[in-house]
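The structure under discussion appears below in the form of structure tokens.
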Amino acid sequence: MGELEKKQGKHIISDETIEYVGILAKLELSLEEKEHAKKDMEEMLDYIDKLNELDTAGTEPMSHVFPVNNVFREDVVTNGNDRENMLKNAPEVKDGSYQAPKTVE
Amino acid sequence: MSREYETVIGLEVHVELATKTKIFCGCSTAFGGAPNAHTCPVCAGMPGSLPVLNKQVVEYAMAVGLAANCSITRHCKFDRKNYFYPDNPQNYQISQLYLPICRDGSVEIETSAGKKAVRIHEIHMEEDAGKLIHDERGDCSLVDYNRSGVPLIEIVSEPDMRSAEEVIAYLEKLRMMIQYLGASDCKLNEGSMRADVNLSVREVGVEAFGTRTEMKNLNSFKAIARAIENEKNRQIDLLEEGKKVIQETRRWDDLKEYSYAMRSKEDAQDYRYFPEPDLVPLVISEEWVEEIKSRQPEFQPEKMERYKREYGLPEYDAQIITGSKHLADLFEAAAALCKKPKKVSNWLMGETIRLLKEQDMEPEDIRFAPANLAKLIELTEAGSINGTVAKEVFEKIFEEDIDPAVYVEKQGLKTVNDAGELRNAILQVMKDNPKSVEDYRNGKEKAIGFLVGQTMKAMKGKANPGMVNKILKELL
């Protein structure tokens with residue numbers, strides 16, 4: 001993906017970009033949905049531009065919204081074999097495994 | 001005249017950590033369970049489940065980083081790497097891109113060309129993916145998430161290696177270091193250590209790197225050496241033909257000894273990393289780093305020096321035994337029990353290594369208990385069994401970890417030290433072999449060897465050879 005396109009200071013999302021984003025997100029969008037998504041993304045990027053106007057020099061980058069660090073688990077097995085319940089969530093099951101469409105390398 | 005090329009190699013090494021549980025949930029990491037027996041909503045990627053970091057993973061990663069002379073990142077976090085593949089139930093892998101836990105290290109390797117430092121770019125923590133089994137008959141893939149969420153560290157080197165020999169030396173060094181730390185068993189054939197080889201070639205004297213390829217599916221040191229040789233030649237041939245090397249990921253087929261480009265994932269390289277919102281940042285204090293440092297074990301170089309000093313082992317023996325953490329542990333435990341370190345060393349350096357080679361095993365595959373080796377040495381030292389029987393019993397220990405005292409008793413292998421019994425056997429042998437007796441008496445001293453042999457045979461190998469010699473000489 002190249003430089004972001006702009007017209008009169010506003011972001012323009014091209015057809016190629018929305019197509020590419022759709023592929024990455026594994027989404028099949030109708031023409032109408034594409035137009036809608038383009039508009040949403042343009043507005044989001046314009047809003048980012050707005051935020052970029054703020055002077056953030058001297059502000060520490062925030063790595064998380066919660067002011068909490070170092071939440072740990074001890075290395076102790078707490079889960080048993082719950083395969084039967086786990087596989088209830090699978091659309092298709094075979095031989096104790098999730099069945100997926102054939103993947104080839 | 002053909003041009004001269006130089007091979008430039010960097011490695012990405014994945015190591016599965018030896019934790020009891022996965023990186024973000026309390027599921028067991030035990031190898032070989034029934035498919036999906038070790039899974040829960042977190043590692044199966046169910047919506048709404050939340051990861052919680054396993055503290056031991058952080059400590060192992062720090063320990064490896066410190067051993068590899070890295071600096072530890074004090075403010076550290078996880079990132080999401082997004083991609084779609086059925087082995088990855090969340091459609092993202094939790095990894096570290098921006099702030100990996102360890103950076104800028106180096107390890108020293110030694111090859112026939114001498115010593116050299118290989119720089120470590122970074123070490124980061126991440127989770128393993130599940131396993132896909134391709135069901136040929138059903139035309140579908142079966143997914144087992146037992147490995148999903150098993151903790152990994154990825155050790156990324158700088159492109160500092162120039163040959164397969166250097167690559168192997170580097171991997172052996174890493175493996176030994178990590179085994180000494182107890183952070184992983186590092187078995188290439190079981191996938192607890194995996195190396196991806198990034199390789200490019202350039203003309204000697206040229207400074208810019210050539211286009212590199214990444215080679216995957218390397219399951220042994222031999223496969224790595226073969227793949228490097230093959231890829232180097234493939235790239236040189238391309239350049240010699242005026243073609244270009246394409247940057248791609250290739251898969252090595254060790255049976256057919258060639259590699260092929262994996263399906264080009266044109267857009268898959270766009271992983272859209274972003275900070276993992278479900279995990280809070282990791283802040284590593286000076287005290288924590290110091291604590292990990294203070295817990296670092298004695299590594300191979302120090303252990304080797306100590307073996308020479310404390311046990312009087314020769315340099316070579318000390319080097320071989322300390323070359324494997326498992327062998328070193330076995331040595332120390334057995335030596336502590338029987339108080340005969342030299343004898344223990346002899347059994348390890350001799351019979352043990354011989355049997356390992358014969359059966360194509362690694363020292364890590366040794367199953368016998370140090371106590372059984374110690375007992376065998378005690379039996380031999382006490383003269384209860386002779387050297388020939390001891391070797392036979394040792395093979396049993398090596399194969400089945402038997403208790404030698406019980407075994408010797410049951411099989412009736414005890415050395416016969418009874419002078420009367422030996423005398424009777426010898427007299428019979430002399431009677432049966434008058435020619436040899438004659439020869440000896442006529443000054444052919446070698447003949448005694450034959451008579452000793454016959455006596456041992458008559459006693460089914462259990463006679464005390466020293467006594468047999470002595471009695472024979474008396475009778476002759």
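Every number here is computed from the coordinates shown, using simple stated rules; none is lab data. All figures in this text were calculated on a predicted structure; none of them were measured in a lab. Quick reminder, even Gly has a Cβ in these numbers, built from the backbone with ideal geometry, and neighbours come from all protein chains shown.
Does region B:86-109 contain at least one residue that is in contact with a Gly (Cβ under 6 Å, 6 or more places away or on another chain), over 18 Å from B:Tyr145 (Cα atoms) and buried (at least 16 other Cβ atoms within 10 Å of the Cβ)? Looking through region B:86-109, at least one residue is in contact with a Gly (Cβ under 6 Å, 6 or more places away or on another chain), over 18 Å from B:Tyr145 (Cα atoms) and buried (at least 16 other Cβ atoms within 10 Å of the Cβ). Of the residues making up region A:40-73, those that are in a loop (DSSP other than H, G, I, E, B), within 14 Å of chain B (Cβ to nearest Cβ) and of a type outside the set (A, V, I, L, M, F, W, C) number 7. Determine whether B:Val406 is in a helix (DSSP H, G or I), surrounded by 13 or more Cβ atoms within 10 Å (Cβ to Cβ) and β-branched (Val, Ile, Thr). Judged against the criteria, B:Val406 is not a match.
When region B:128-174 is limited to residues that are within 14 Å of chain A (Cβ to nearest Cβ) and among the acidic types (Asp, Glu), the one that is surrounded by the most Cβ atoms within 10 Å (Cβ to Cβ) turns out to be B:Asp144.
In region A:20-39, the residue that is farthest from B:Tyr83 (Cα to Cα) out of those that are more than 14 Å from chain B (Cβ to nearest Cβ) and not in a helix (DSSP H, G or I) is A:Ser30.
The number of residues in region B:339-365 being surrounded by fewer than 20 Cβ atoms within 10 Å (Cβ to Cβ), in contact (Cβ under 8 Å) with a residue 24 or more places away in the chain and among the hydrophobic types (A, V, I, L, M, F, W, C) comes to 3. B:Ser285: farther than 30 Å from B:Arg147 by Cβ, out of contact with any Gly (no Cβ under 9 Å at 6 or more places or on another chain) and within 14 Å of chain A (Cβ to nearest Cβ), yes or no? Yes; evaluated as a whole, the condition is true for this residue.
Beta carbons closer than 8 Å, at least 6 apart along the sequence or on distinct chains, pair a first residue in region B:443-472 that is part of a loop (DSSP other than H, G, I, E, B) with a second that is of a type in the set (Lys, Arg) for B:Lys462/B:Lys414. Within region B:181-192, not a single residue is more than 14 Å from every other protein chain (Cβ to nearest Cβ) and more than 14 Å from the chain's Cα centre (by Cα). If the condition is being of a type outside the set (Lys, Arg), buried (at least 22 other Cβ atoms within 10 Å of the Cβ) and free of Cβ contacts under 8 Å to residues at least 60 places away in the same chain, then region B:175-203 contributes no residue at all. In this structure, does B:Ala223 turn out to be buried (at least 20 other Cβ atoms within 10 Å of the Cβ), farther than 24 Å from B:Ser95 by Cα and touching a strand residue (DSSP E or B) at 6+ places or on another chain (Cβ under 7 Å)? Yes, satisfied. When residues of region B:16-38 are filtered for being farther than 18 Å from B:Phe78 by Cα and either among the polar types (S, T, N, Q) or more than 7 Å from chain A (Cβ to nearest Cβ) (or both), how many remain? The total comes to 11. Of all residues in region B:102-117, none are within 27 Å of B:Gly182 (Cβ to Cβ) and within 14 Å of chain A (Cβ to nearest Cβ).
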